[in-house]
Each structure stands twice: as structure tokens, then as C-alpha cells.
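Q: There's a structure below that I have some questions on.
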Amino acid sequence: MRLAALFEFPVRRPGVVVVAAIIVSALAIWAITRLKPDASLEAMLSGDARATRALGRLLNEFVAADELIVMASVPDSSAPTPWTARLEEFARRMEKNIDASPEALQLIESVQWRVDDQAKQFVEIELIPAGLYYLTDAELDAARQRLTAPAMRREIARNEAMMSVPGPAASAMASALARDPLRLHEFLLPRLSAQKVYETLPGTDAMISPDGRAILVRLVGNRSPSDLEFARSITAMAHELAEQANTDQLRLEYTGAYAVASASERSIRRDMIVSVTTSVMGIVILFALVFRRPVRMFLLAFTPVVFGVLIGLAVAALAWEGLTPLTAAIGAVLAGMAIDYSIHYLAHYQALRSDGDRATAASARATRTRAARTSAVLASPLLAAFATSAVGFAAIGSSSVGALRDFSALGTLGLLGAFVACLTVLPAMLSLGGRRPAPRERSSTRLNPAPLLEWIARHGRLCIGAAASILAAAAVVVAAAGWRGELLELETDLSVMHPQPNAPLAAQDHLTERFGVSLGSLVIHLSGETPRDVLTLAHEVSDRLDTLAARETGIAASLGPQTLLPDPRLIESRRAMFSQAEVDRIVADFRAAMADSIFGDEVIAPYAAFLRTLLHPGDAPGLTTLLKYPRLAGTMLTRDAVEGRAEPNEAIMSIVLNRDVADRIARDRVIAFIRRQLTDLPDAALTGISVVGADTERTIHRELPRLILIAGVITIAYLGIHFRSLGHSLLALLPTIYSLVILLATIHLAGVKVNLVNLVAAPLLIGIDVDYGIFLLSLARQARREKWDGLTLARRAGVSCGAILICAATTILGFGSLMTMSVPAVRSLGLAVAVGVVACVVASVFLLLPLLVKLCSNPCPASPDTLDCLAPPESSGD
């Protein structure tokens, strides 16, 4: 089939094309219903493959991530009186409300607001009887010394002296000393204190902040936070029950994985609706101002856009189901970009109709590659415009970040769908809508740039000089910033990747301030073939991080299986530490020392039995032992292991820091140190939001030049094939280069930092901006063939320049609508592209067009492939 026949098929069979488009759109809408928001931050980040995989395991498989935290705090204006009892009463009322609600019990697995009973049971039943396995060599030497006869007598005498001191605390002290007259628990205190996650108020087992003005209630859900419907339900339930329990007008804040996921999911849905609505409404207003028949023109121009977006989202829905904040913006982006094809087509179509052509003839001529009429050479520039825009998205698709690849795929598919619809569905609609000849009439738009273009043609030197001066000033700013190393500063605040304002993240910051802990900022994921391997690995990692160098780097401690369970490598040596004869001697010495004390046989006999168990213990507790205490196990093991569906072959360790990891330099130093310590431990992977965030910053720095280079090289190559002239390719790129220099200067002066989202602005702008140069160069080449002078070119450029101005406005509206989104990183993308497009339009009209006018006025046929003149006339034909 000849190319002309292909273009004319929608005109000859418009009904078939329209019906097919309706069927395809209906199927696409059905497929789109599969899409769901992906509110997880890891979907927006990139990092070391191990760190990224480990973060996914942590957030989706571990019970520790399945929590919602309610922090009830005393208002700052309240009197500084003791609030401990009231805070505890609030927690009791909330727990009672949950227990009384069948709906809540279906969502919430456990409620924790004080030291867990299972933790106490573990210490009493498992840890203390096996205490010998937990002692370090130094602690063991000290314990052995205390178990000598003279040392035991000294301890007993000391206890008697302390118990004889009068006072209200004497009774409690006597009870405690009677349970452990040799005070051997002192050697286990490091293990007991190591289990403490939060800094809490002394003297209470409730999770009350050290200042006594806040309490935590932790709700553990029975599903993963990635189940967004469940996250919404449990968060709403927590709000309702907490408000009912809040009779003291406490300040309630909610954080944790469920609250963050719920808030992000709402924001993504809102952003998608608001940004698309804003973009469409802006384009509607633009059409009302520019076109004489705005409703008809808008419906015609926007139909291919809707078709393209539907096709793109439908294909995406079949490939993946998550919709990140970045991909949620694709509708607004495509609304501004894809409508350009329709605008250019309709501008040329209306010009033909104004000359008296029928709708069918005008539709066919508007897309023909060669035509007698000067306004009908459009299909080739449209193809070039689509191809270069697709190049921008394709360059983004080469990124290692999954969210950027998804954004690239959606953008490319959407543009392809809109481009195909512009050449098929739009001609069919026009053919069905206008069968009669159109009278010669004035332009369909109120926008008439011809007077401005004629003025530019007459004052070309002035326009070129002004535009070049602006470019030179911007280049100086960019060069100076680059010389000082201040160009393209990286964004270090990870909150820009989250919707803002974000109450759960703010609550997390408040929790850190009050309780002195950061929730899982650095985590080590451990795995092994057996539970013993995992526990051994945990102790190995802990030993490497429990050094002076680690503390100087910023590591205060590590919490994980090693804080609850002994090192399997020491079990046999510890079990053989005391012979049976030595145990008998120690017990006998103890009985002799106690014989003359104030303690009776009710203390001596149980403690003597305890000494035998302590010094000659049985099997050491391990990860399988921990499964008998599911709430405790849930702090470090997977849900499948806790629920008995799998062996505990995975665990997590939390790294406690003594400085703020929001400081990028300190954070990177800690991360680098830990990774060096784990280099030869392939089954231990450092992960966490801070870790993957740091990796993302490095990804930005590494990939930005590569993305720009890929987009630039492919675009130049395509232009070389399209124009078959290096000089003309560079001319077409001139507005793009101008745009990028102005953008760099603007973002530097405005203090905008580069993040994972706005880094795509440069590749996108290369694809968007070059379209304007392509249309103007195509018109100038036509002028060369038809021997127009410069002034004639300026007059005839009215249609193309008018379409360019409208297209630029729609692109600015599309990306500008991103400014309504709640994610700061996405807002910065909208700002960057809008600035770049404005700069490109200025360069196209006030720099490239005057240059083309001068080149047309002074042709140089002898050197057709240089920048001094345009290409020679081309032969006609389809």
C-alpha cells in the first residue's frame, strides 16, 4: 500500500476508524481499573540492588514494619504537672475500645503501650536460666570471682546492711535481694538494657517519654502496609478509637507504615485528579481565548490525547499495577505534550478549509508527505516531533530507577497512542463532521502572529542580538556556578519524595524528638540457610559494629537477635566452663555463707537450685525458641516465621545512631563504614530508607549526564536522518540548547536542587523543545523549494508559529499543573519544564526565525549542507 493510500484510509472509511477507536478505548478503560496507587517510598528510590531488595523484604515481609503508632502528648500550653497516670489511662481506654470492637479485632493483631509481657516472660524463662551463655569473657571472669566463698560472704553481708536501713523502700529492696542474694543479675543488665528500643520515663513500664508528657500506643496489624485498602481501614479505625479514648484533650498524632501508606495513597489519587483537571481546564480556557469555535476545536484536539493516555495506561495496567506519584502525573504531562500533534494538524487543516477544500480533501492533504499546496507538508514534521519526544522518554527509560522506567514507558506509550490517533481518529472525525465545501473565510484562531513575525523579519539583527545577549548572560552564570562546584546541587532532604504536608512523617519527627529514637533509618537484613546461621551472622555483625571506630563514626548500638539470644559459637565452651564438681562446690559454699544470714531456707533452697541451672545449663535459646513469644519475635523475624509457615531463616538488626542521619555527610560516613564491615558477609545487607536515599543521590549524580547525553545523541542522529544535513540539524537544535542553558541558570539562581524526579526535565526538554525547531526548519526548507524571500517566509510562518505558540502554551499548562501536586519533587519538575519551554519559545521566535529569514534572503545553492544556506529543492512525490 502506498503511503498516500494509508493516510487517506481514515478519510475514506471514517466510520470504521471511529468504531474501532471506541472499542479499543472501552477495552483500555477496563484494563485501567487494575491500576492501584503505589505509596511506598522505595518505589520512588534507587540504590544498591541488595539494599533495594532488602528494603522490599523489610517493608513487605517483616512484622516489625506492620505497625501503626499513636502518640498521645500533653499540649504545650498545659500545666507542667505529672501526667503519667492520665497518659496511662488514655492507653488503657484505647486498648479497651479495641478489645470491645469486633471490627478492630479483625484488623489489629496486638496493642502495645508498655513493656510487653512476653518480653518479661522471655527474660524470666529463657534468658536468666541460660545466663551463662550470654556472658562475655570479662563478665564471666567477674562472675566466677563473685562465686568464690569469700566474695559470696561479702555480698550477703552487704545485702543485710542495705536491708537494715529504715525507710519505705526497705520492704521492696528486701524482696528483690531475696530473689537474687548474690546479685548475679548485674552481669545480665547489659543484655536487659539492650532490649530497650525507646528512651522512656524511669519508674514505669509504660512507653512514656523521658519528659513524662507523651505516650506511645503501637498497633500491630495482620496484613502488610502494601495492602492499601487495609492500611486505610486500620488507620481510620485507629483515629476513631483514639478520639473516643481522648477524654483529656491530648494531642494525637499517627505514624508508622500504615499511616504513611494511607496518607500517600490519598495524596496520589488526589494529585492525579487535580493535576489532570487543572491541565485540562487550563487548555479549555486557552482554547476559549485563542479559537473562534473553542468547544469544537477542543473536542477535536483533545480526543487523540484521551485515546493516547488510555492506551498508555491500559498497557501499563497489563504490565504492572502500581501507580507511583511520578507516574500518576503522566496524565497531566501527556495532556500538555500530546495535544501538540492535534493542534498542528488542525492548524493546517483549517488553512486548507479556508482555501475552499472539502473536509475529506483537507484531511487527506493535511497529512500527506508531499503536496502541491504549501500548507500541506505536515506528516513528516509530525513524525519527527513524535520521534524526538519519544527520545526524551526513551532516555529516561535507560535509568536504573524503576519509577523512572515506568514513567518513561507510560509517556512513550501515551505519545504513540496520541500520534496514531492524530493521523487516524482525528481525520476520520473531521471527515464525518464536514461534508460540504467550506467557504473561504478568515482563520479559525484569534491568534495572528503575522504582524509580530513581519516586525521580527524587519528587525532581525535586533532580535538576534537581544536573544544572544540573554543567552550569553545565562552562560556566564552557569559557567561561574560550575567553576565553584555549585551547579546542580543535589537534594538531600528525602521528604521531597513524599506528599506534603504529611502528618505521619511530621509525627515521626516528633516521636524522634521525644523518645530519642529514629524508626528504622538504618537496618541490616540477615539471611542464612538455617536459624543458627542467621543468629551466628547477627553476632558477627554486632561484633564488627561494637568497636571504638564504630562509635566514633556514629553507631551507638545495634538491636536484633543478638541482643536476645546467645552466640552459637560460644555455646559449647560456655557449657563446659564449670565442671559438676565445681558446681557442687559453689552450691555448698553458697549454703555455708547463707547459713548465718538473715535469709531463711525459703530463699536458700530455690537459689541453690537456680545456681545449678545457671552454671550447668541445658540447650541454649535460639531463633526457634523466640517463636514461642510471637510479639517479641515479630520485632525481628518475618511474618511467615512468626506464624509458623516458614523457618526463621531471615532477621533484621536495627542500627541505633548517636547523631542525626539527616546530616548527609554524617549519614554517608556511617553507611560507608557499615558497608566496609559487611564486605565479606554476603548474607548481611545494609538497607533502610536513609541507605536507599543515599544511593539515590549517587544515582542522580551518575545518571543525569548520561540521560542528557543519550537524549542528545539520539535526537541529533534522528535529525541528521530527517534533514540529511548536519547544519540544519544544529539549527533545529538551537532553541533546545538555548532552553537548557537558560534553565540551568534559572534553577541555580532560584536555589532549586536536583532530585530523582526533576532530573528527567533535561531529557524531556530535549524531546519537547526540538519540535519547534523542526517545524520552523521544515517551513524554511519549503520556502527554499518555492523560492520565497525572507519576508514571505515570515508571513507564511504565521500558521506554524501560531501552532507553535499554542503548543508551547499547552505544554506549559500540562507541566505547570504539576505545581498543584503534593509531592515537592514532582512540583519542581513542573517548574523546570515550564521554564525550559518558555525559553525555547523565545529562542524559536526571536533567534531561530530571524536567522532563517536571513538565510532565505541570502541563499547559497553552492553549499547546500552548510549553515550558510538551506537544502536545495527536493523532488515531489509521496
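The values are calculated or read from the model by the stated rules, or taken from the named source; none is laboratory data. Everything numeric in this text was worked out from a predicted model, so none of it was measured. Note that we place each Cβ from the backbone using ideal geometry, even for glycine, and neighbour counts take in every protein chain shown. Remember, those area values only see protein heavy atoms, side chains included, never the ligands or the DNA or RNA. Shrake-Rupley method; radii C 1.70, N 1.55, O 1.52, S 1.80 Å.
Q: Could you sort 96, 753 by their accessible area in this structure, using a 1.4 Å probe and putting the largest first?
A: On the way: 96 145, 753 75 Å².
Sorted by accessible area, descending: 96, 753.
Q: Taking only protein heavy atoms into account and a 1.4 Å probe, give the accessible area per residue of segment 567-654 in Å².
A: For segment 567-654, the solvent-accessible area averages 45 Å² per residue.
Q: At a 10 angstrom cut-off on C-beta neighbours, averaged per residue, how do the peptides 729-741, 141-153 rank from highest to lowest?
A: 729-741, 141-153
Q: Ok, one more. Just by accessible area at a 1.4 angstrom probe, what is the order of 270, 12 from largest to smallest?
A: Working: 270 115, 12 155 Å².
My answer, sorted largest first, is 12, 270.
Q: Check which residues have an amide H placed less than 5 Å from residue 638's amide H, if you skip close sequence neighbours.
A: Residues meeting the criterion, in which the H sits 1.01 Å from N, are 650.
Q: Would you rank 136, 792 by solvent-accessible area, highest first, keeping every protein chain in place and using a 1.4 Å probe? Please report the intermediate quantities before stating the final value.
A: Values: 136 60, 792 35 Å².
Per-residue accessible area, sorted high to low, gives 136, 792.
Q: In segment 610-679, what percent of the accessible surface is made up of carbon and sulfur (1.4 Å probe, ligands and nucleic acids excluded)?
A: 49
Q: Less than 12 Å Cβ to Cβ from residue 775, Lys/Arg counted +1 and Asp/Glu -1: what total charge do the surrounding residues give?
A: On the way: positive: 781; negative: 340, 769, 771.
Within the 12 Å Cβ shell, the charges total -2.
Q: Something else about it: I'd like to compare 112-125, 642-655, 760-773, 807-820: which one has the highest average count of other Cβ atoms within 10 Å, and what's the full order after that? If you can, show how the numbers build up before the last one.
A: Details: 112-125: 16.9, 642-655: 20.1, 760-773: 28.8, 807-820: 24.7.
Order by mean packing, descending: 760-773, 807-820, 642-655, 112-125.
Q: What percent of all Cα-Cα pairs in segment 560-651 falls in each 10 Å bin, counting up from 0?
A: Cα pair-distance distribution for segment 560-651, in percent: 15, 31, 23, 21, 9, 1.
Q: If you don't mind, another one. Per Stokes-Einstein, at 4 °C and 1.567 mPa s, what whole-number D in µm² s⁻¹ belongs to segment 206-317, with the Kirkwood radius over Cα pairs as the hydrodynamic radius? Numbers along the way, then the final one.
A: On the way: Rh = 18.4 Å.
For the chosen part, D equals 70 µm²/s.
Q: Separate question: Given Cα positions, please report Rg to Rh for segment 808-853, the hydrodynamic radius being the Kirkwood one.
A: My calculation of the ratio gives 1.17.
Q: Gain in length, residue 125 to residue 284, computed as 0.36 nm per residue apart minus the alpha-carbon separation, to one decimal in nm?
A: Numbers: separation 159, 0.36 × 159 = 57.24 nm, distance 7.22 nm.
Full extension from residue 125 to residue 284 adds 50.0 nm.
Q: If you don't mind, another one. Provide the gained length on full extension for the span residue 819 to residue 452, in nm with one decimal, where the gain is 0.36 nm per separating residue minus the Cα-Cα distance.
A: Details: separation 367, 0.36 × 367 = 132.12 nm, distance 3.12 nm.
Extra length from residue 819 to residue 452 when fully extended: 129.0 nm.
Q: Order the peptides 476-486, 409-419, 272-282 from the highest to the lowest mean number of other Cβ atoms within 10 Å of their residues.
A: Details: 476-486: 12.9, 409-419: 25.2, 272-282: 19.4.
For the peptides 476-486, 409-419, 272-282, the packing ranking is 409-419, 272-282, 476-486.
Q: Something else: Could you tell me how far the Cα centroid of segment 385-418 sits from the Cα centroid of segment 798-832, in Å?
A: 17
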